[in-house]
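Here the structure comes first, spelled out in structure tokens, and everything after it is commentary.
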Amino acid sequence: MASTLEKFIHSLDLRALPRVLQIQSGIYCQGSVYEMSGNECSLSTEEVIKVIGFKINKLIASICENNEVSQFSAKVELPLNFPGLYKVVADKTPYVSIEEIARKVSIGPTRFGHPCFYSTNDIKLANFTVKHNEQITFNSVEEVHGTMAVNCVVVRNNQSHSFTLPLSQEGEFYECEDDQIYTLKEIAEWKIPKCRNRIVKLFNTLHVWDSSSPLPENFDGCLILVPVYEVQAVMKSRKDIVHILSDLDVEVKDVTDCYDISSFLQPLSLEDIFERTSKEFPMVAEIMEGPSGSQKPYNLLSTGKQIVIYKKYQAARVLASEMRSDSSKRRYLIPMSYKGKFKRRPREFPTAYDLQIARTEKEHLHVVATKAFISPHKELFSVSVGDQFLVQQCQTSEVLYEGRKKLIDALACEQILSDSYKKVLLPMYMEGGFVEVIHDKKQYHLSEIRKEFHLPFNVKVSVRDLSIDKDVLAAAPGLQFEEEITDSYLLISSASSPVESWEIPVYRLNMLVHLLSKDVQTLVPPVTRTTVEEVSEEEYYMLRRYENLTLHPPPRPPKKPT
């Protein structure tokens, strides 16, 4: 039975993809020629296309008051790269079954694909009872003993309890509150259920407001987001991906059951390639949809180009930010193969606790106080602006507080006087300000800095990497190495002229390929070119957020005695 393209998308279960559609009727844009992003194709009657996916193309936003559209709000169109970080407001409309949740909500292996719900009633299982209002994390959907079910986890008294809920399980399920922050793109991809709208609250604008912004100045409220979908499809006559907006006036019919779906090309994302076993590498692929970007190697990955994918692996990068006071600060991921050299730049420390973290056994940390501090205890030192110290070590100190003796943590230092040194103790809770004095004139490779110093660490490029055509780091006034990031990469080269290979990030590069049944001429990849990757502000916050989730947070600075 024929239906509009929009109705087809709303009724489709993502797990049922791919689907083969036949165009029944409808002409779009000047004589059935459809054009988007420079791609043209004919959507004539009885044309057959294979739908491989659909995603939200843009969002229609309205200002929200009390979970309803404000009567004074006009609808505005927001692109997915609209700047800002947002919090998701939990949906107040319940789901009536696990099947409805699995059909409408994105559940998958990535860090975004683990939604949380609670049931208004107890759920009694064979060996476990899920209590009402208890948070249930949905991890994956799979077949268990012939029945489709959702793998779930409940954390109770710091213990994780795993179990499955069949899709047939009925009840009243509500979304849990979500304290994470997201970009609009992440919300569009993972946090808008099918056939539902989404309310979000602006958390951080990331940019200074200007008159071209569709949102009011100083806006910090909630938005109702209505998605407009885009269908990704493959046509028999083309080797690239066709993008069709869901609001086209086109009628389609699902003919999957009576069509040979293998006669179409099989597009694969970089994530799909990365999930393949190591034994399947190397492989030859043709690009069906290349990434945007002018820097190498992205400008070489154009549609139709053939590449060799040699292997997949995890690789370390140092996340660095330019040391600027204005909003034009740029961020980079620096590979360990970077051949330039760095000289140290002074670091700034807001507390005595930060001095303790930064000190090393290799050298005494020399700092100058930039803020005065008056100690409430005569046993501890009061600091004046300009005082200089050599940081020694952490120790406990006995102080008199309200007539009683008390042990507190303190930082042992040597105050540098004109002709001598004086041993002093700084309270660890001290909120002051210090700037580092650099005596070290040595030039360091990145590997030496990682080995000898704690991050964050301030540097400036003293010798640029001559193997890079344009070393963007050399132009920076200074860099702060913030932390080390581990990410997923594929090693690729051109299939026609494999003179050099490149590392491409799996999760920050939108690209589709299809595999070719060609033999790889050489199993050994050519020399790997060093690439310093510039990341956007949104990507920077996401990298730091997810890297920090895997680390144990440092202990909180000691509080001032009360």
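The values are calculated or read from the model by the stated rules, or taken from the named source; none is laboratory data. Quick caveat: nothing in here was measured; it's all calculated off a predicted structure. Virtual Cβ from ideal backbone geometry, glycine too; neighbours counted across all protein chains shown. Only protein heavy atoms, including side chains, enter the accessible area calculation; ligands, DNA and RNA are left aside. Shrake-Rupley method; radii C 1.70, N 1.55, O 1.52, S 1.80 Å.
Could you list, in sequence order, the residues of the range 145-160 that are surrounded by fewer than 16 Cβ atoms within 10 Å (Cβ to Cβ) and assigned to a strand (DSSP E or B)? Answer for the range 145-160, where residues must be surrounded by fewer than 16 Cβ atoms within 10 Å (Cβ to Cβ) and assigned to a strand (DSSP E or B): Thr147, Val153, Val155, Arg156, Gln159, Ser160.
For Phe342, the criteria (1) open to solvent by less than 40 Å² (accessible area, probe 1.4 Å); (2) of a type outside the set (S, T, N, Q); (3) at pLDDT below 95 hold in every case but one, which is (3).
Okay, residues lined up against (1) assigned to a strand (DSSP E or B); (2) surrounded by fewer than 17 Cβ atoms within 10 Å (Cβ to Cβ):
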position: Pro350; (1), (2): yes, yes
position: Ile357; (1), (2): no, yes
position: Glu363; (1), (2): no, yes
position: His377; (1), (2): no, no
position: Leu400; (1), (2): yes, yes
position: Cys413; (1), (2): yes, no
position: Tyr429; (1), (2): no, yes
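Regarding the range 478-486, can at least one residue be identified that is hydrophobic (A, V, I, L, M, F, W, C) and in a loop (DSSP other than H, G, I, E, B)? For the range 478-486, residues hydrophobic (A, V, I, L, M, F, W, C) and in a loop (DSSP other than H, G, I, E, B): absent. The set of residues from the range 176-195 being open to solvent by less than 30 Å² (accessible area, probe 1.4 Å) and not aromatic (Phe, Trp, Tyr) comprises Cys176, Thr183, Leu184, Glu186, Ile187, Ala188, Lys191, Ile192, Pro193, Lys194. Restricting attention to the range 458-471, the residues being of a type in the set (A, V, I, L, M) and loosely packed, with under 15 Cβ neighbours inside 10 Å number 2. Residues in the range 379-391 that are buried (at least 18 other Cβ atoms within 10 Å of the Cβ) and of a type outside the set (A, V, I, L, M) were compared, and the one that is modelled with the lowest pLDDT is Phe381. Among the residues of the range 431-477, those identified as over 21 Å from Ser325 (Cβ atoms), in a strand (DSSP E or B) and at pLDDT 90 or above are Tyr444, Ser462, Val463. Residues considered: Glu142, Glu172. Of these, the only one that is surrounded by fewer than 17 Cβ atoms within 10 Å (Cβ to Cβ), modelled with pLDDT under 90 and assigned to a strand (DSSP E or B) is Glu142. Across the range 214-238, which residue is farthest from the chain's Cα centre (by Cα) among those that are part of a strand (DSSP E or B) and under 15 Å from His514 (Cα atoms)? For the range 214-238, the residue satisfying everything is Met235.
Scanning the range 71-120 for residues that are touching a Pro at 6+ places or on another chain (Cβ under 8 Å) and within 17 Å of Glu134 (Cα to Cα) yields Asp91, Ile98, Ile101, Thr120.
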